[in-house]
1. Would you check which residues across segment 81-107 are surrounded by fewer than 18 Cβ atoms within 10 Å (Cβ to Cβ), under 17 Å from the mean Cα position of the chain (by Cα) and not in a helix (DSSP H, G or I) and list them?
2. Among the listed residues 57, 25, 74, 41, which satisfies the condition of being in a helix (DSSP H, G or I) and at pLDDT below 95?
3. Among 69, 83, which is the only one that is within 21 Å of residue 114 (Cα to Cα) and at pLDDT below 95?
4. Spot the failing condition for residue 31; the list is (1) in a helix (DSSP H, G or I); (2) without any contact (Cβ under 8 Å) to a residue 40 or more places away in the chain; (3) exposed (fewer than 15 other Cβ atoms within 10 Å of the Cβ), and only one is missed.
5. Across segment 93-106, what is the total count of residues that are closer than 18 Å to residue 119 by Cβ and in contact with a helix residue (DSSP H, G or I) (Cβ under 6 Å, 6 or more places away or on another chain)?
6. Does any residue of segment 49-64 turn out to be on the phi > 0 side of the Ramachandran plot and in the same structural domain as residue 118 (by TED's automatic domain parsing)?
């Protein structure tokens, strides 16, 4: 295991939570081992591990980029992660407002619907 992989797993667990990472690791197969290593080292061990941008802002950037590019499958995971990085619901809503202006209202609207479902689930879970 490389140093960057180890750092990536540490950051990934801090941002996404142990339960999410444990599920992803349990689902890993020989078919996606290289891909999982790539995202652990590249996304988590390099980009997310950098101190150049605080994690709160990195969460908002990530959510805005996912919404703007129409990559909605990752939004739920990153809305949940944002609760660990210090991004508030208001912060996320503001990021999606930027998406509406610069990338399109339908994309922002869809992303906000996903976020609202996550928040509702979090509210019910946390009681």
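The values are calculated or read from the model by the stated rules, or taken from the named source; none is laboratory data. For clarity, every value in this text was computed on a predicted model and none was experimentally measured. A quick note on method: Cβ atoms are made from the backbone with ideal geometry, for glycine too, and the neighbour counts reach across all protein chains shown.
1. 86, 88
2. 25
3. So the residue among 69, 83 that is within 21 Å of residue 114 (Cα to Cα) and at pLDDT below 95 is 83.
4. (1)
5. Qualifying residue count, segment 93-106: 3.
6. Taking every residue of segment 49-64 in turn, none turns out to be on the phi > 0 side of the Ramachandran plot and in the same structural domain as residue 118 (by TED's automatic domain parsing).
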